[in-house]
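Remarks on the structure that follows.
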Amino acid sequence: PQLSDQKTLARQIYEAYLKNFNMNKAKARTILTGKASTPPFVIHDMETLQLAEQTVLGKMVDTAAALRDREAEVRIFHCCQCTSVETVTELTEFAKSVPGFSNLDLNDQVTLLKYGVHEAIFAMLASSMNKDGLLVAYGSGFITREFLKSLRRPFSEMMEPKFQFAMKFNSLELDDSDLALFVAAIICCGDRPGLVNVTHIERLQESIIQVLQLHLLTNHPDNTFLFPKLLQKLVDLRQLVTEHALLVQEIKKTEDTSLHPLLQEIYKDMY
Amino acid sequence: LKEKHKILHQLLQNSTSPGHL
C-alpha cells in the first residue's frame with residue numbers, strides 16, 4: 001500500500017506541474033531542437049531586440065510608453081521581471097495542488113514560497129536554455145547568451161550564472177515528471193528561516209523526497225547516482241539565488257528602475 | 001509576515017493577478 005501511495009503522490013504532483021506551468025521541458029525541447037512548426041524569433045542584437053518588442057515580446061508584456069525611451073538593459077530587465085512574476089503565480093498554484101501544502105500554516109506557506117520560488121524558477125529555466133541562449137515569450141523568441149553577456153554591467157551579469165548552472169543541470173537529462181517532483185521538493189523545504197511548524201513541513205518534505213528517490217530509480221535505472229546529484233543541485237540553487245538577490249539589490253540601489261511589488265516582497269529581508 | 005507579503009498571501013488565498021509594474 002505504501003508503494004501505491006507514493007506512486008499516486010508522484011502522479012498528482014506531475015499532473016499539477018503539467019496543468020500549472022505554461023512552459024515545460026518537453027515543449028521547450030521541441031522548439032530548441034527545431035521541431036516546432038514555427039521557429040522562434042532570434043534576438044541577438046539591439047536591432048532584433050527592437051523588432052521583437054514590436055512583435056513577440058510586445059504580446060507577452062505591455063511594454064508601456066514609460067519604457068519605450070529607456071535603454072535596452074532596462075527594458076530587458078523589465079521583461080525578466082514580468083516573466084518571474086508570472087512564474088511565481090504559476091508556482092503558487094502548483095504549490096497549492098501539492099497534497100498537504102494547503103493544510104500548512106498560512107504563514108509557513110508564505111515563507112516556503114518566499115524562499116523557494118527563485119530556486120524553482122532557475123531550476124525550470126534550465127529547460128528553456130541551451131548553450132547558446134534562452135527561449136522567451138512562451139517560446140516565440142530566443143535571446144542569445146552572447147547578446148545578454150554583451151549588455152552593460154550589472155545587467156550583463158544577470159543571466160550568465162544561470163546558463164552555467166543550466167548546462168550542468170541539463171546534463172542530468174531529467175524529464176518533466178522528474179522536474180515536477182524536484183520543484184515540489186524545493187518548495188516544501190523544512191529549513192527555511194522563520195518557519196513556525198517545522199515538523200509538519202519536514203514530514204511533507206520527507207514524503208516528497210522519498211517519492212523523488214523512488215521515481216528516479218524507476219525512470220532512470222541506469223543512473224544510480226542521480227538522486228544524490230539532485231540533492232547537491234538543491235545546494236547549488238540556494239547559492240545561485242543568494243547571488244541573484246545581491247545583484248537585484250545592487251540594481252535597485254544604483255539603477256533607475258522599478259521592481260515589481262511582488263518581487264519586492266520576496267526579496268525583502270530574504271538573506 | 002502576512003502584512004509584509006500581501007501579494008503572496010493574496011495569491012495563496014485566491015487566484016488573483018499580481019498586477020503589472
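Of note:
- Looking at chain A alone, DSSP beta bridges between its own residues are antiparallel in about 65 percent of cases.
- Residue-averaged beta-carbon neighbours from other chains (10 angstrom radius) around A:86-92: 3
- Candidates A:K233, A:K253, A:K96, ranked by Gaussian network fluctuation over chain A, Cα under 10 Å, top entry: A:K253
- Nearest 10 degrees, 0 to 90: helix A:106-125 Cα axis against chain A principal axis: 60
- Each residue, A:E15 and A:E255, gets one label point 7 Å from its Cα in the Cβ direction; the gap between the two is 4.2 nm.
- Burial ordering of A:M167, A:M159, fewest other beta-carbon atoms within 10 Å first: A:M167, A:M159
- Helical runs assigned H by DSSP (4 residues or longer) give chain A a calculated mean residue ellipticity at 222 nm of -21000 deg cm²/dmol, each run adding -39500 (n - 2.57) before division by the residue total.
- Residue-count net charge about B:H5 - beta-carbon cut-off 14 Å; Lys, Arg +1, Asp, Glu -1: +1
- Highest average first, the peptides A:21-28, B:1-8 ordered by how many other beta carbon atoms sit within 10 Å of their residues are A:21-28, B:1-8.
- Folded to 0 to 90 degrees: helix A:160-170 orientation relative to chain A principal axis, Cα: 40
- Axis of helix A:198-219 versus longest Cα principal axis of chain A: the two differ by about 80°, to the nearest ten degrees.
- Modelled spin-label separation between A:N197 and B:K2, with each label point placed 7 Å from Cα along the Cα-to-Cβ direction: 1.5 nm.
- A:T33-A:T48 pseudo-label distance in nm [points 7 Å out on the Cα-to-Cβ vector]: 2.3
Every number in this text was worked out from the coordinates using simple rules, so none of it is lab data. Keep in mind it's a predicted model, so treat the numbers as computed, not measured. Positions of Cβ are backbone-derived with ideal geometry, glycine not excepted, and every protein chain shown enters the neighbour counts.
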